[in-house]
Structure formats: C-alpha cells, structure tokens
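Participant: Below: one structure in structure tokens.
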Amino acid sequence: MRILLKLRLDCDADAAWRALHSPRAVGELYGPFVTLTPMAAEGLPTRFEPGMDAPVRMGVETRVAGTIHLGAQLIHVSDRYAEDRHGPVRIFRDSGIPLTGPLASLDVWDHQMAVSPLPGDPSRTLWRDRLVIGGPTAAALWPALWATWQWRGARLRRLAPTWAHEPESSDADD
C-alpha cells in the first residue's frame, strides 16, 4: 500500500536536502505532538548519513498522562541521485522498520523523499514523498498513516521557509 505527497515548498532544494539529513528538522516535522527520542546512549547524530541506522522511540506528549509511547522505529538511511525531465533529483530513503508498537505489525516500511528544484522556480522545491507499507495490518493502519502524512505535509509547508537558515556544514566545522 502507498501513501503519496507532492508539494511545492518555499525553500530551495539544497535547504530541503539538508533538512532531510537533519535529525532536528525531522523531529520538528512530527512535533509538537509526537516526539522522537534516541535509543542509543550517544543520542542522535547531528546529521543522518547514508548507511546509518538510528533507533528512536516515538511518543505522544500529553498534559494529563505524560508521554504515551507509540513504539520504537529503526531509521536506516540511504541516498540516491537521479535525473528527471527537469533536472537533478535527490532521494533520501528510510528503509528501516518499526520495531515495537502498533506499526511493528508491518513487514514493509519504505519511505522515500525526493527533492528537486521546482520547475520554473529554482528558488523553491518540488518535494515528493512516498511511503510504501505492507504486512497483515497494512490495510487497517493505512487510514491513520494517510491522515498523519497529510498533517506532515502541512508541517512541511510551514517549516520549509525556516530551512533556508540552516547553516551548511563544512569540513572546517569538524
């Protein structure tokens, strides 16, 4: 089963690409309701790198009950570069898998986000987001994930203009 988004974002493709690799920016996409907490003692890296595995716990913050745990997720990162009829496309792929919680009943989790300059306006980004899920509960979980992805799309539109202010890392910073 698939969930697709196609958005025009108010930032350039380089800023969107940096945000995809920023654990802080990814966490902001799900905030303020869902939190991502690193499971590793050293915490999350400052940047998601290809080949990296990052286990996280997901939770919902409530005033009454505190954090309600949604489960754990393994984020596995890879990057791919392609061309389409408009030019270069950069693809960030999370092929990790839910480890615990309701989503752990899925045996397929393939989340790919493609960014490219918006045709006709390279100061903006064409963002294509595809989540493929499979498993015995995929049909039952699809409506909740679809709704989450619509909300996530709204968050992407809202946060994208702030990404232009993310500094680009350099070797001098290490």
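The values are calculated or read from the model by the stated rules, or taken from the named source; none is laboratory data. Not measured: the values here are computed from a predicted model. Every residue, glycine as well, gets a Cβ built from its backbone with ideal geometry; the counts of neighbours run over all protein chains shown. Keep in mind that these areas ignore ligands, DNA and RNA; they rest on the heavy atoms of the full protein, side chains included. Shrake-Rupley method; radii C 1.70, N 1.55, O 1.52, S 1.80 Å.
Participant: Can you list which of the DSSP-assigned H helices in the chain have a Cα extent of 30 Å or more along the long axis and an average Kyte-Doolittle score of at least -0.5? It would help to have the intermediate numbers written out before the result.
Facilitator: Numbers: long enough: 138-163 (35 Å, -0.12).
Sorted by number, the helices that extend far enough and score high enough are 138-163.
Participant: Read phi for every residue in the stretch 101-112 and hand back ³J(HN,Hα) as whole Hz from Karplus 6.51 cos²θ - 1.76 cosθ + 1.60, θ = phi - 60°, with x for Gly and Pro.
Facilitator: Working through the residues one at a time gives x, x, 6, 5, 6, 7, 10, 10, 9, 9, 10, 10 Hz.
Participant: Another question, if that's okay. Can you tell me the accessible area per residue over the stretch 1-155, all protein chains present, probe 1.4 angstrom, in square angstrom? Please list the in-between numbers first.
Facilitator: Numbers: 7920 Å² over 155 residues.
Heavy-atom SASA per residue in the stretch 1-155 reads 51 Å².
Participant: Rounded to the nearest 0.05, what FRET efficiency do ALA164 and SER105 give with R0 = 41 Å and r taken as the Cβ-Cβ distance? Could you check? Show your work: numbers first, answer last.
Facilitator: Numbers: r = 39 Å, r/R0 = 0.95.
Plugging the Cβ-Cβ distance into 1/(1 + (r/R0)^6) gives 0.55.
Participant: Right, next: Roughly how big is the stretch 1-107's charge dipole about its Cα centre, with Cβ charges of +1 (Lys, Arg) and -1 (Asp, Glu), in debye to the nearest 20?
Facilitator: My answer is approximately 240 debye.
Participant: For the stretch 50-59, just list the computed ³J(HN,Hα) in residue order, Karplus coefficients 6.51, -1.76 and 1.60, θ = phi - 60°, integers in Hz, with x standing in for Gly and Pro.
Facilitator: x, x, 7, 10, 10, x, 9, 9, 10, x
Participant: State the answer as a single residue: which of THR35, ALA164, LEU7 lies farthest towards the positive end of the charge dipole of the chain, with beta carbon charges of +1 for Lys and Arg and -1 for Asp and Glu, about the Cα centre.
Facilitator: It is LEU7.
Participant: Run through the stretch 23-100 and list the GluC sites (Glu not before Pro) located in a DSSP loop whose Cβ has at most 11 other Cβ atoms within 10 Å.
Facilitator: Numbers: sites: GLU28, GLU42, GLU61, GLU83; in loops: GLU42.
Those that pass, being in a loop and sparsely packed, are GLU42.
Participant: Run the paramagnetic zone check for TYR30: 7 angstrom along Cα to Cβ, then residues of the stretch 132-158 with backbone nitrogen under 18 Å.
Facilitator: Residues 132-134, 141-157 qualify, since their backbone N sits under 18 Å from the label point.
Participant: Would you pull out the residues with amide H under 5 Å of LEU36's amide H, same chain only if 5 or more places away, H placed 1.01 Å from N?
Facilitator: Here nothing satisfies the definition.
Participant: Turning to a different aspect of this structure: Quick check: pseudo-label points 7 Å beyond the Cα along Cα→Cβ at HIS69 and TRP151, how many nm apart are they?
Facilitator: 2.1 nm
Participant: Sticking with this one: Filter the trypsin sites (Lys or Arg not before Pro) in the stretch 81-134 down to the DSSP loop ones having no more than 14 other Cβ atoms within 10 Å, then list what survives.
Facilitator: Values: sites: ARG85, ARG90, ARG93, ARG124, ARG128, ARG130; in loops: ARG85.
Those satisfying the criteria are ARG85.
Participant: Next up: For the chain, which whole percent of the accessible surface, found with a 1.4 angstrom probe, sits on carbon and sulfur atoms?
Facilitator: Numbers: 5370 of 9490 Å².
Here it works out to 57 percent.
Participant: In terms of the Cα gyration tensor, with a ≥ b ≥ c the square roots of its eigenvalues, is the chain rounded because a/c is under 1.5, prolate because a/b exceeds b/c, or oblate? Before the final figure, lay out the partial values.
Facilitator: Working: a/c = 1.60, a/b = 1.32, b/c = 1.21.
Verdict is prolate for the chain.
Participant: Using a 7 Å offset from the Cα along the Cα-to-Cβ direction at both ARG47 and ARG85, what is the distance between the two label points in nm, to one decimal?
Facilitator: Rounded to a tenth, the inter-label distance reads 3.4 nm.
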